[in-house]
Amino acid sequence: MGSRGIQIVGMDVKELVLILNKALSDEWLAHYQYWVGSKVVAGPMKDAVIAELVQHATEEMAHAELLTTRIIQLGGTPVLTPAKWFDLTNCAYDAPADPFVQVVLEQNIKGEQCAISVYDKLMKLTKDADPVTYNIALQIIEQEVEHEEDLQSLLEDLNLMLQRYGGKK
Ligand code: MG
Ligand code: FE
Ligand code: FE
């Protein structure tokens, strides 16, 4: 922790650390949801979907890294046990119990939309109070916006194909 770096934060640092730990819990759950989803997903366009899920799994871990660096800079402790992720999470966890591509994509789109809302809120909260955290939230939200679009465009293509060839819409 850096003492002057903490002094310049214009908001309750404990509260900020809690918000960052909540986002950190979301990122780990998102990482696992993508990672295990990439292992079980089945159906048309599976290869393209797997490639995107694997990439997003890696990127969610990079978000966890950014959040943890900031938590430690602020003198906080990153959430130390996975059981706590479920107490702290904003966006929860959707188990890919139904491995059909369409269902997995829809679950992850829902997760991305929740993540976008979380970082939008964090940016509004820190814009003037803590530009360092604001910048981290900005970096992360840029990627969450990209994730949402990646998955929605895959789902669009999949739905076009299912419409054309019949079957479950
Ligand atoms: Mg992507
Ligand atoms: Fe993320
Ligand atoms: Fe994401």
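Okay, helix-only estimate at 222 nm for the chain: each DSSP H run of n ≥ 4 adds -39500 (n - 2.57), divide by all residues, round to 500 deg cm²/dmol; what do you get?
Taken over the chain, the calculation gives -26500 deg cm²/dmol.
Each label point was placed 7 Å from the Cα along the Cα-to-Cβ direction; for LEU160 and THR69 their separation is 3.8 nm.
Residues whose amide H falls under 5 Å from that of PHE100, counting only those 5 or more places apart or on a different chain, are ALA42, with hydrogens built in the peptide plane.
Here is the link list: LYS46/LYS127; LYS46/LYS121; LYS39/LYS110; LYS39/LYS127. Which ones come out longer than 29 Å on Cα distance?
LYS46/LYS127; LYS46/LYS121; LYS39/LYS127
Here ASP120 and ALA92 are evaluated by their C-beta separation; at R0 = 25 Å the FRET efficiency comes out at 0.90. Normalising the Debye intensity of segment 10-85 to I(0), with uniform scatterers on Cα atoms only, and taking log10 at q = 0.18, 0.23, 0.26 Å⁻¹ returns -0.71, -0.95, -1.10. For the chain, the residue among ALA97, ALA62, LEU155 whose Cα projects farthest onto the positive side of the dipole built from Cβ charges is ALA97. Diffusion coefficient (Stokes-Einstein, Kirkwood radius over C-alpha pairs, 4 °C, 1.567 mPa s) for the chain: 77 µm²/s, rounded to a whole number. Shown for the chain: the carbon plus sulfur share of the solvent-accessible area, taken with all protein chains present and a 1.4 angstrom probe, equals 58%. Surface analysis of segment 59-169 yields an accessible area of 54 Å² per residue, using protein heavy atoms and a 1.4 Å probe. Each label point was placed 7 Å from the Cα along the Cα-to-Cβ direction; for GLU15 and LYS110 their separation is 3.1 nm.
If the chain linking ALA51 and ARG4 were pulled fully straight, counting 0.36 nm for each residue of separation and taking away their Cα-Cα distance, it would gain 12.6 nm.
Given +1 at the Cβ of Lys and Arg, -1 at the Cβ of Asp and Glu and no other charges, the dipole of the chain around its Cα centre is 360 debye to the nearest 20.
The values are calculated or read from the model by the stated rules, or taken from the named source; none is laboratory data. Keep in mind the model is a prediction, meaning the values are calculated, not measured. All Cβ positions, glycine included, derive from the backbone under ideal geometry; neighbour counts span all protein chains shown. Protein only, heavy atoms only, side chains kept; ligands, DNA and RNA dropped before computing areas. Shrake-Rupley method; radii C 1.70, N 1.55, O 1.52, S 1.80 Å.
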